[in-house]
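Enquirer: Please read through the structure below; I'll follow up with questions.
What follows is calculated from the coordinates using simple rules that are stated; it is not laboratory data. From a predicted model like this one, the values you see are computed outputs, not experimental measurements. Here the Cβ is made from the backbone with ideal geometry for all residues, glycine too, and neighbour counts use every protein chain on show.
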Amino acid sequence: MDRLLLFPDTTKIEQDVLTIGGCDLASLAETFGTPLYVYDQATLDGAAAAYRQALAEAYPGPSGLTYAGKAFLCRALAEWIGRQGPWLDCSSLGEMTIAQAAGLPPERVLVHGVNKSAADLEAARRHAGVIVVDNLTELERIRRLPRPLPRLWLRFRPEVEVETHAHIQTGQSESKFGMEADEILQAARLCRREDLPLAGLHFHLGSQLRDPQPARQAIERTLALAAALDLGGEWSLCPGGGWGVAYHEDDLPQPDLAAYVRAVAEAVVEGCRRRGLPLPRLQLEPGRSLVARAGVAIYRVGAVKQTAGRRWLLLDGGLADNPRPALYAARYSALPVQGATRPPAGPAWFAGPYCESGDVLIAGLPFPDVAAGEWVAVPVSGAYQLSMASNYNGACRPAVVWLAEGQARLIQRRETPEDLLRRDLATEDGG
Ligand code: LLP
């Protein structure tokens, strides 16, 4: 069944029940409640290994991975990063705090942000190995920080457009991110004058990409800039992240990760050779393609409702834990947790319980006849769902469970209504 290919590597149907990492999803839903998010460690390990192998095969210079923590970050995931070896991209003091709690050494923490606060910069100075500088004002602020400073990379806006949803394009000319070529030259002059540790260039074109061609073009523009800057023999180049994943069976086959890494590596090698530049450390910065397929969301069908032309499955989660369909028109798929091999009984619309017509998780998916009380599993739920989850309608954020070698470990407990009250203060008269 094609739909199963969207699920984690260890997924099986055993006695008609979906299992992941040797754990039966019905028992997990029973034990931990729903909505429940599970992460399969074997799939995470496999994705990191696929990147490492692709880099080792395609790039002759030094290379590495930085995981973009914005895709999903909690202590357990940061600890996994610690064991696996990538660096961690943090975009706020909050994410840096998680990195520290997980014991990541500063040299493996890289800090991003389009408008870093004074607190972000101070934390980065103490706890990061690299700051990616977004703009000249920020560089001025960094200049005034006490030394020593982390290495600085400059974020270039290469003015290359990519084919993806408008909300997740970042490298085009009107984007709010990074600096244009003239500003990069200006920033580099300031670094030289003030003896700031300029050590690399960065760009990021966008997210959920399937075509490596725009990355090649952006690399060409970045190398042209590097040639004008004289960054020395040991410099780093980061072409960001952005490689996509299939969310729906119609998106299969999976975008070819090795082909993407090869295209990037070739463009760097070839462009450096032509310009007589030393090969940079090539640092890739994936988020989604490392974690998306390892995550699965499990919901309980609370009611089934028929309206004009639509069979609605009303779930106990939706918009609050996954705003992606509403924000990016993302198309998901699903399987029943039990009886997954039942034939479809026509299309189904999956909606959450929130007071919002846009709270539709999946629209028109061929799906078996399911009854209230059954569980459904939504694959490819590991990236940008929990990290963008909200408390809309007083929703409590889901529990998260880590699956490895037949064991299920709670890594984030379910939020409670008491958690929602924790930062609220009564008015003075108590009313
Ligand atoms: N590096 C930088 C500087 C980024 O801004 C991002 C993502 C990444 C790396 C990782 O990109 P990835 O490999 O995950 O595509 N909320 C949206 C995605 C926003 C991406 C923001 N930046 C979504 O749910 O699709």
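Enquirer: Cα to Cα, under 14 Å, and not fewer than 8 places away if on the same chain: which aspartates and glutamates meet these conditions relative to LYS70?
Expert: Output for LYS70: ASP89, GLU95, GLU285.
Enquirer: For the residues TYR51, TYR39, what sequence is obtained by ranking on other C-beta atoms within 10 Å, fewest first?
Expert: TYR51, TYR39
Enquirer: If each residue's Cβ is checked for other Cβ atoms within 10 Å, how do HIS202, HIS165 rank with the fewest at the top?
Expert: Taking fewest neighbouring Cβ atoms as first place, the list is HIS165, HIS202.
Enquirer: Just to be sure I understand: with springs between alpha-carbon atoms less than 10 Å apart, which residue in ARG262, ARG342, ARG151 has the highest mean-square fluctuation in the Gaussian network model of the chain?
Expert: Answer for the Gaussian network model of the chain: ARG342.
Enquirer: Another question, then. Could you tell me the center-to-center distance, by alpha carbons, between segment 1-66 and segment 236-293 in angstrom?
Expert: Spelled out, the Cα-based centre of one part sits 20 Å from the other.
Enquirer: Compute the distance in nm between two label points, each set 7 Å from the Cα along the Cα-to-Cβ direction, one at ARG414 and one at ARG310.
Expert: The answer from the label model is 2.6 nm.
Enquirer: For the pair ASP45 and GLU107, what calculated FRET efficiency results from E = 1/(1 + (r/R0)^6), where r is the Cβ-Cβ distance and R0 = 22 Å, to the nearest 0.05? Walk me through the numbers on the way to the answer.
Expert: On the way: r = 23 Å, r/R0 = 1.03.
Here the calculated transfer efficiency is 0.45.
Enquirer: Find out how many positive minus negative residues lie around GLY339, taking Lys and Arg as positive, Asp and Glu as negative, among other residues whose Cβ is under 10 Å from that of GLY339.
Expert: -2
Enquirer: Magnitude of the Cβ-charge dipole of segment 41-290, K/R +1 and D/E -1, about the Cα centre, nearest 20 debye?
Expert: 900 debye
Enquirer: Whole-Hz ³J(HN,Hα) for each residue in segment 381-390, computed from phi via Karplus 6.51 cos²θ - 1.76 cosθ + 1.60 with θ = phi - 60°, x for glycine and proline: what do you get?
Expert: These are the phi-based 3J(HN,Hα) values: 10, x, 10, 6, 9, 4, 5, 10, 5, 10 Hz.
Enquirer: Could you tell me which of rounded, prolate or oblate describes segment 167-269, using a ≥ b ≥ c as the square roots of the eigenvalues of the alpha-carbon gyration tensor, with rounded for a/c under 1.5 and, failing that, prolate when a/b is larger than b/c and oblate otherwise? Before the final figure, lay out the partial values.
Expert: On the way: a/c = 2.96, a/b = 1.96, b/c = 1.51.
Judged from the Cα gyration tensor, segment 167-269 comes out prolate (a/c at least 1.5, a/b above b/c).
Enquirer: Between ALA47, ALA118, ALA128, where does the largest GNM mean-square fluctuation fall for the chain, given springs only between Cα atoms within less than 10 Å?
Expert: Fluctuation is largest for ALA118.
Enquirer: With n ≥ 4 as the cut-off for DSSP H runs, can you work out [θ] at 222 nm for the chain, using -39500 (n - 2.57) per run divided by the number of residues, rounded to the nearest 500?
Expert: Here the helix-only value at 222 nm equals -9000 deg cm²/dmol.
Enquirer: While we're looking at this one, here's another question. If you average the alpha carbon positions of segment 323-388 and of segment 179-227, how far apart do those two centres end up, in angstrom?
Expert: Going from one Cα centre to the other spans 40 Å.
Enquirer: Cut-off is 10 Å between beta-carbons; in what order do THR416, THR427, THR97, THR11 appear when sorted fewest neighbours first?
Expert: The most exposed by this proxy come first: THR427, THR416, THR97, THR11.
Enquirer: Distance in nm between label sites at ARG189 and GLN254, each 7 Å beyond Cα in the beta-carbon direction?
Expert: 4.7 nm
Enquirer: Hey, got the dipole for segment 265-421? About the Cα centre, +1 on K and R Cβ, -1 on D and E Cβ, debye to the nearest 20?
Expert: 500 debye
Enquirer: Same structure, new question: So how strong a dipole does the chain carry about its Cα centre when Lys and Arg Cβ are +1 and Asp and Glu Cβ are -1, to the nearest 20 debye?
Expert: Here the size comes out at about 820 debye.
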